[in-house]
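Engineer: Here it is: the structure, laid out below.
The values are calculated or read from the model by the stated rules, or taken from the named source; none is laboratory data. Keep in mind that this is a model prediction, so the values were computed, not measured. Don't worry about glycine lacking a Cβ; one is built from the backbone with ideal geometry, like all the others, and counts go over all protein chains shown.
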Amino acid sequence: MINFQQVSKTYPGGHRALEKVNFHIKPGELAFLTGHSGAGKSTLLKLISLMERPSAGNVFINGVDLNKVNSRQIPYARRDIGIIFQNHRLLERHTVFDNVALPLIIEGTHHNQIAKRVHGALDKVGLIDKVKCHPSMLSGGEQQRVGIARAIVNSPPILLADEPTGNLDPELSMEILRLFEDFNKHGTTVLIATHDLGLVARMRYRSLTLKDGRMLQDPLAQEVL
Amino acid sequence: MSLLFKGRQNKNEKQKKSILAGGYFFIINIFRQGIHSLGEMWRTPLASMMTIAVLGLSLTLPATLYLVVKNVQQVSSGFEEASEISLFVKETMSEQQTQTLVKRLALYPEVESVAFISKQQALTEFKSVSGFGQALEYLDSNPLPDVVLVTPTKRDRQPNAARALLTKLEAEREVDFGKLDIAWLERLNALLSLLKESVITITLLLLTSVTLIIGNTIRLSIMDKKEEIQVMKLVGATNTFIHAPFLWTGIWYGVIGGLFAFISVALMMWWLSSAVSSVAGVYQTSFSLIGLTLKEFGLLVLLATSLGFIGSYLSVNRYIKEIEPDKV
């Protein structure tokens, strides 16, 4: 599903964020991406979500080489990937409904379908009663769940999460991770970047560890090569 | 449309039965965005109204100047209608010779009409108009000459053409001399031409400023929504989708600014009409101001809308491209 082959990324100015990274995430897999700040987790997610291009190597998603996706095709590629951010990145001026509906509106979904699917997504994250609220009226955990609902509303095959539990207490963090687990059980491939190793240990899923831009542990790395 | 997962069809895509249905949805979506952007403007009424007022007033000035030119042209066209060449016939000419002259002049291609005023008619008219009726009775003979009034064709009323015609007419052997009061016409035409040029220059400057004002307003709006634009790009919005609301905002500014300008001009015309009538009354003439016609109103709004679109397009094209979702 997600396949990195000898991927390196050097930013202008010479900072080397990733160095010959190889890994493969299978369809329907849930994996963690761990490492300290500056290890390259965000860069790796940016490469998958086409916010950055690799300096060397290839990133494949479902067999499609992202190097061959041109700038006009990027928006369409991103519709296949749900992204969840640590700081939620919700539209403050819009209601919860509008925030969650955004990917569907962008895809051109019929408004009857939008209402149905937004309610479905909010129901999954337990926020059906907050439809008309604005993000500022919600707690941190609730805002994160709105972000998750937005990411899953158009049923993307891949879900990326960057420090989704970064600002939450342990109880809420587990709640959020259980949501990811639930989506994964329904076939979604999930990659979660986090520095909370305790949380990763409790979940018992595959863990990819980055250190200074290099992949440290990945038992399946050889498969890629 | 799914790029990475070709087989993936969401429920929405399954609903799309034909290209026609897709096109219909595309158009509906564009209009929906238009209504949405109008709602966005409504949410910030003060800022929107101020921008619209600036645009409206900027458009009011060229529209008013255009009406000034139009009204002055209306007045001057009345003067031009009256422009005539007076030919004073030599005293030695008989009435038959004068009539022959009149017939000959009527055949000139530059001449629209010819009227003959005999010396007797001229004296009678002078007696009744001048108030010296009785005094004129004491004259031994009629001192006035026969006069032929020549009205040039429309094309030959312009100063140069009229002057050329005068020279041609003065060459007729029956004509003593001719008279064409052309200096005032030249001055009027020069003033009108200056006015037109000034109006064009001012209009161009103001239209440029309107475009820049709209462009800058949209730029500020883009900067204000930078975060939203980043999020939209992250969840798969195309440039067309992101550009549309801003383009619509520019169009709305243009439409409403154009209407504002039209209403301002109409109110100004209404306010001035009674004063103009009073002035015309003093000069014993009737004159009423001409306002904007329906066609001109349409053109004003269309122009304002086009400027709104151009201003917003320039900003959108320049600034949205620069906003990229750089941080996950």
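Engineer: Please indicate, with yes or no, whether at least one residue in the range B:64-75 is crowded, with 17+ Cβ neighbours inside 10 Å and either more than 30 Å from B:L205 (Cα to Cα) or among the aliphatic types (A, V, I, L, M) (or both).
Structural biologist: So far as the range B:64-75 goes, yes, one or more of its residues are crowded, with 17+ Cβ neighbours inside 10 Å and either more than 30 Å from B:L205 (Cα to Cα) or among the aliphatic types (A, V, I, L, M) (or both).
Engineer: Shifting gears a bit: Mind telling me which of the residues A:R93, A:R79 ends up being at the interface with chain B (Cβ under 10 Å from one of its Cβ atoms) and without any contact (Cβ under 8 Å) to a residue 60 or more places away in the chain? It would help to see each step written out before you state the result.
Structural biologist: Working: A:R79 fails: without any contact (Cβ under 8 Å) to a residue 60 or more places away in the chain.
Residue meeting the stated conditions: A:R93.
Engineer: How do the pairs read when you match residues in the range A:98-122 that are more than 19 Å from B:V231 (Cα to Cα) with residues anywhere that are surrounded by fewer than 24 Cβ atoms within 10 Å (Cβ to Cβ) and among the polar types (S, T, N, Q), using Cβ under 7 Å and keeping only pairs 6 or more apart or on different chains?
Structural biologist: A:H110/B:N12; A:H110/B:Q15; A:Q113/B:N12
Engineer: If you check B:L207 against the conditions, is it within 14 Å of another protein chain (Cβ to nearest Cβ), over 20 Å from B:S48 (Cβ atoms) and surrounded by 18 or more Cβ atoms within 10 Å (Cβ to Cβ)? First the steps, then the outcome.
Structural biologist: Details: within 14 Å of another protein chain (Cβ to nearest Cβ): no; over 20 Å from B:S48 (Cβ atoms): yes; surrounded by 18 or more Cβ atoms within 10 Å (Cβ to Cβ): yes.
Answer is no for this residue.
Engineer: Let me ask something else about it. From the residues in the range A:156-167 that are crowded, with 18+ Cβ neighbours inside 10 Å and over 10 Å from the mean Cα position of the chain (by Cα), which one is nearest to A:L127 (Cα to Cα)? I'd like the intermediate steps shown before the answer.
Structural biologist: Filtering the range A:156-167 down to residues crowded, with 18+ Cβ neighbours inside 10 Å leaves A:156-165.
Adding the requirement that they be over 10 Å from the mean Cα position of the chain (by Cα) leaves A:156-157, A:165.
On the way: A:P156: 20, A:P157: 23, A:T165: 18 Å.
This residue is A:T165.
Engineer: Considering only the range B:89-103, state which residues are over 16 Å from B:G178 (Cα atoms) and in a helix (DSSP H, G or I).
Structural biologist: B:E95, B:Q96, B:Q97, B:Q99, B:T100, B:K103, listed by residue number.
Engineer: If you don't mind, there's one more thing I want to ask. Only one residue in B:I222, B:I229 is within 14 Å of chain A (Cβ to nearest Cβ) and within 30 Å of A:N87 (Cα to Cα). Which one? Don't jump to the end; show me each part of the working.
Structural biologist: Working: B:I222 fails: within 14 Å of chain A (Cβ to nearest Cβ).
Being within 14 Å of chain A (Cβ to nearest Cβ) and within 30 Å of A:N87 (Cα to Cα) holds for just one of B:I222, B:I229, which is B:I229.
Engineer: Ok, one more. Tell me, which residue of the range A:160-171 that is more than 10 Å from chain B (Cβ to nearest Cβ), in contact with a helix residue (DSSP H, G or I) (Cβ under 6 Å, 6 or more places away or on another chain) and touching a residue at least 60 places away in the same chain (Cβ under 8 Å) is farthest from A:L102 (Cα to Cα)? Let's see the steps before the verdict.
Structural biologist: Here is the first cut: in the range A:160-171, the residues more than 10 Å from chain B (Cβ to nearest Cβ) are A:164-171.
Narrowing further to those that are in contact with a helix residue (DSSP H, G or I) (Cβ under 6 Å, 6 or more places away or on another chain): A:164-165, A:167-168.
Keeping just the survivors that are touching a residue at least 60 places away in the same chain (Cβ under 8 Å) gives A:164, A:167.
Numbers: A:P164: 20, A:N167: 24 Å.
Out of the qualifying residues, it is A:N167.
Engineer: Restricting to the range B:242-276, what's the tally of residues that are within 14 Å of another protein chain (Cβ to nearest Cβ) and either more than 37 Å from the chain's Cα centre (by Cα) or among the aliphatic types (A, V, I, L, M) (or both)? Lay out the reasoning, then the answer.
Structural biologist: So in the range B:242-276, the residues within 14 Å of another protein chain (Cβ to nearest Cβ) come out as B:242-245.
Add one more test, that the residue is either more than 37 Å from the chain's Cα centre (by Cα) or among the aliphatic types (A, V, I, L, M) (or both), and what stays is B:242, B:244.
Selection size over the range B:242-276: 2.
Engineer: Right, something else. For A:V7, work out the one condition from (1) surrounded by fewer than 15 Cβ atoms within 10 Å (Cβ to Cβ); (2) modelled with pLDDT of 90 or more it doesn't fulfil.
Structural biologist: With (1) surrounded by fewer than 15 Cβ atoms within 10 Å (Cβ to Cβ); (2) modelled with pLDDT of 90 or more applied to A:V7, the lone miss is (1).
Engineer: Tell me, yes or no, whether the range A:100-109 has at least one residue that is over 14 Å from A:A151 (Cα atoms) and either surrounded by fewer than 17 Cβ atoms within 10 Å (Cβ to Cβ) or outside the structural domain of A:H195 (by TED's automatic domain parsing) (or both). Talk me through it step by step, then tell me what you get.
Structural biologist: Filtering the range A:100-109 for residues over 14 Å from A:A151 (Cα atoms) gives A:108-109.
Keeping just the survivors that are either surrounded by fewer than 17 Cβ atoms within 10 Å (Cβ to Cβ) or outside the structural domain of A:H195 (by TED's automatic domain parsing) (or both) gives A:108-109.
Checked the range A:100-109: at least one residue is over 14 Å from A:A151 (Cα atoms) and either surrounded by fewer than 17 Cβ atoms within 10 Å (Cβ to Cβ) or outside the structural domain of A:H195 (by TED's automatic domain parsing) (or both).
Engineer: Next up: Any idea which of (1) modelled with pLDDT of 90 or more; (2) within 22 Å of A:P156 (Cβ to Cβ) is the one A:T209 doesn't satisfy?
Structural biologist: (2)
Engineer: Restricting to the range B:289-306, what's the tally of residues that are surrounded by 18 or more Cβ atoms within 10 Å (Cβ to Cβ) and polar (S, T, N, Q)?
Structural biologist: Qualifying residue count, the range B:289-306: 1.
Engineer: Only one of (1) loosely packed, with under 14 Cβ neighbours inside 10 Å; (2) within 38 Å of the chain's Cα centre (by Cα); (3) over 29 Å from B:I27 (Cα atoms) fails for B:F177. Which number is that?
Structural biologist: (2)
Engineer: Is there a residue in the range B:268-290 that is in contact with a Lys or Arg (Cβ under 8 Å, 6 or more places away or on another chain) and among the β-branched types (V, I, T)?
Structural biologist: To start, the set of residues in the range B:268-290 that are in contact with a Lys or Arg (Cβ under 8 Å, 6 or more places away or on another chain) comprises B:290.
In the following step, the residues that additionally are among the β-branched types (V, I, T) were identified as B:290.
Yes, because at least one residue in the range B:268-290 is in contact with a Lys or Arg (Cβ under 8 Å, 6 or more places away or on another chain) and among the β-branched types (V, I, T).
For (1) assigned to a helix (DSSP H, G or I); (2) small (G, A, S); (3) touching a Ser or Thr at 6+ places or on another chain (Cβ under 9 Å), each residue gets a yes or a no:
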residue: B:A190; (1), (2), (3): yes, yes, no
residue: B:L195; (1), (2), (3): yes, no, no
residue: B:V199; (1), (2), (3): yes, no, no
residue: B:L204; (1), (2), (3): yes, no, no
residue: B:T211; (1), (2), (3): yes, no, no
residue: B:I214; (1), (2), (3): yes, no, yes
residue: B:I218; (1), (2), (3): yes, no, yes
residue: B:V231; (1), (2), (3): yes, no, no
residue: B:G236; (1), (2), (3): no, yes, no
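Engineer: Can B:A63 be described as of a type in the set (A, V, I, L, M) and at pLDDT below 70? Full working, then the answer.
Structural biologist: On the way: of a type in the set (A, V, I, L, M): yes; at pLDDT below 70: no.
For B:A63, the condition - of a type in the set (A, V, I, L, M) and at pLDDT below 70 - is not met.
Engineer: Sort out which residues of the range A:87-97 are within 20 Å of the chain's Cα centre (by Cα) and either closer than 28 Å to B:I28 by Cβ or assigned to a helix (DSSP H, G or I) (or both), and write them in order of number.
Structural biologist: Quick first cut of the range A:87-97, residues within 20 Å of the chain's Cα centre (by Cα) only: A:87-91, A:96.
Within the range A:87-97, A:L90, A:L91, A:V96 meet the criteria.
Engineer: Quick one: which residue in A:I74, A:I106 is within 11 Å of another protein chain (Cβ to nearest Cβ) and under 30 Å from A:V21 (Cα atoms)? Show your work before the answer.
Structural biologist: Details: A:I106 fails: under 30 Å from A:V21 (Cα atoms).
Just one listed residue meets the conditions, A:I74.
Engineer: Out of the residues in the range B:210-219 meeting the condition of being among the aliphatic types (A, V, I, L, M) and crowded, with 18+ Cβ neighbours inside 10 Å, tell me which one is farthest from the other protein chains (Cβ to nearest Cβ). Quick ask: steps written out before the conclusion?
Structural biologist: At the first step, the residues of the range B:210-219 found to be among the aliphatic types (A, V, I, L, M) are B:210, B:212-214, B:218.
If we keep only those that are crowded, with 18+ Cβ neighbours inside 10 Å too, we end up with B:210, B:213-214, B:218.
Working: B:V210: 28, B:I213: 24, B:I214: 22, B:I218: 17 Å.
This residue is B:V210.
Engineer: Next up: Taking the range A:44-62 as the region of interest, how many residues are facing chain B (nearest Cβ under 10 Å), free of Cβ contacts under 8 Å to residues at least 60 places away in the same chain and of a type outside the set (A, V, I, L, M, F, W, C)?
Structural biologist: Here the count works out to 2.
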